[in-house]
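The structure under discussion appears below in the form of structure tokens.
The values are calculated or read from the model by the stated rules, or taken from the named source; none is laboratory data. Bear in mind that the values here come from a model prediction, so they are computed numbers and not experimental data. Reconstructed Cβ throughout: ideal geometry from the backbone, glycine too, with neighbour counts over all protein chains shown. For the accessible areas, the whole protein counts, side chains as well, though only heavy atoms, and no ligand, DNA or RNA atoms are used. Shrake-Rupley method; radii C 1.70, N 1.55, O 1.52, S 1.80 Å.
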Amino acid sequence: MTDIALLPSIAIIVATAARNAIGAAGSIPFRISGDMKRFREVTMGRPIIMGRRTFESLPSGALPGRHNIVVSHRADYHPDGATVAPSLSEAIAIAAAGHPDEIMIIGGGEIYSQALGSTSRIYLTEVDADYPDADTFFPELDMAAWAVEEVSEPMTDPKSGLGYRFITLRRRRAPRG
């Protein structure tokens with residue numbers, strides 16, 4: 001019997017714009033250096049789980065310093081530097097086998113939707129922008145289920161001029177699993 005206390009927690013890391021927009025035409029509609037730095041810091045050394053399209057959108061392939069796990073139903077899919085799992089539950093099992101403290105879900109929209117019910121923490125970057133062409137969205141959160149752990153001061157990306165802030169949310173009650 002597995003001791004539930006020994007299982008790693010599952011966290012989501014995501015940057016959203018207005019209407020919970022996270023993607024447009026297969027890529028992230030914004031590039032914010034502070035957000036990318038936070039992403040690296042939070043995910044480094046931890047297993048990261050993503051969908052196939054998210055993996056294929058990474059500019060240089062597998063992210064170094066992290067066990068990249070890609071959820072894909074395609075049996076012939078074998079990307080360099082990544083482990084493939086046919087379902088999110090199998091991806092989580094693969095990630096948990098390495099005994100991490102936290103498993104990171106990094107996208108995309110469908111994977112976020114599937115993982116949300118099992119997630120205990122969300123590392124959110126709120127971007128102050130609207131992307132009318134967005135075609136991928138983060139699911140709506142029931143904020144009664146989440147407590148704000150940390151909120152940064154508003155910041156502005158020097159290159160893009162976009163405003164943003166970091167918010168860390170912790171689930172108020174145990175996630176369903």
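Results, tabulated for the structure shown:
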quantity	calculated
Residue satisfying all of: in the stretch 23-41; closer than 11 Å to residue 127 by Cα and open to solvent by 20 Å² or more (accessible area, probe 1.4 Å); modelled with the highest pLDDT among these	35
Every residue from the stretch 51-73 that is within 29 Å of residue 30 (Cβ to Cβ), open to solvent by 20 Å² or more (accessible area, probe 1.4 Å) and part of a loop (DSSP other than H, G, I, E, B)	58, 59, 60, 61, 62, 63, 64, 65, 66, 67
Residues of the stretch 137-160 classified as farther than 21 Å from residue 9 by Cα and open to solvent by less than 50 Å² (accessible area, probe 1.4 Å), total	2
Selection status of residue 96, in contact with a Pro (Cβ under 7 Å, 6 or more places away or on another chain), under 22 Å from residue 122 (Cβ atoms) and not acidic (Asp, Glu)	yes
Out of 102, 110, sole residue that is charged (D, E, K, R), touching a strand residue (DSSP E or B) at 6+ places or on another chain (Cβ under 9 Å), closer than 21 Å to residue 41 by Cα and in contact (Cβ under 8 Å) with a residue 40 or more places away in the chain	102
